[in-house]
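Read the figures in this text as sums done on the coordinates, not as results from a lab. Just so we're clear, the structure is a prediction, and the values are computed from it rather than from any experiment. Cβ placement follows ideal geometry from the backbone for every residue including glycine, while neighbour counts extend to all protein chains displayed.
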């Protein structure tokens, strides 16, 4: 186990290095000049050239990369062009809203989707199963921003149950924090409920056809115990896998959701940084997202050993 963990941790280094190189090159080679954006429309050529020199953009791309990478190795992500603040400080300020939204979203998705998937497999071919399949298709088909505006219109504007936009930190009170995050989390959780429920249904349905399930039923075990202790436990590996994939995919959904609901998290920071051509901030956020993605995959791989003792590394 320790050898496997050590090997996987080592394998993250070249992955993150490749991501760093690709992100750096893509940002530098795409059209647009951060100096011109910062200078404004009224700036002349000399003013733009001065800003480029101050930002170090007058150097060649290889020189810029080695300077940036040297700072990165020391834990310095650089200073934001737009916010005039250290990127690590910016990320620290925006981390809580994103983490909060992601945790509430995945919690709602798992608590709703797994029982739905198990029940749909148990009642295969029935109305619950057909309803779940229809919901899955709908959940995958409707874009997050469309669903967000529909829920804002219904839940916030028509019913007045939840706020339209904004965010309150956990320090302001857990109730207020949850009150502002509930609608964005519900919006973002729909697609993950559809995904996890569908995979849970397929995995449990396959498990229900196994001989040990028939044996458990023949022994007179309660159906709930058969479903949860035998069927769901033995179908856990693909379910855990898709939950891990769902957490990783939250990165894309968070960007859209935070923009719609005006949540000051990393997703909103990424959008603002892209519009301002703020290279250090974009690079820092993408590197953080890449690291989280790799770590989630590592944790999912490690969890296989606990859910399926037959797996050995």
Mind listing the Cα extents of region 1-151 along all three principal axes, in Å, largest one first?
72, 50, 27
For region 258-309, state the average projected area of the convex hull of the C-alpha atoms over all orientations, rounded to one decimal in nm².
4.7
Counting every Cα pair in region 20-73, what percent are over 16 Å apart?
47
FRET efficiency for residue 229 and residue 111 from the Cβ-Cβ distance with R0 = 22 Å, rounded to 0.05, comes out at 0.75
Starting from 0.36 nm per residue, how many nanometres of slack lie between residue 292 and residue 53 once their C-alpha separation is accounted for?
82.7 nm
Region 147-219-region 107-140 distance, computed between alpha-carbon centres (Å)
12
Separation in nanometres of the label points that stand 7 Å from Cα toward Cβ, at residue 9 and residue 30
3.4
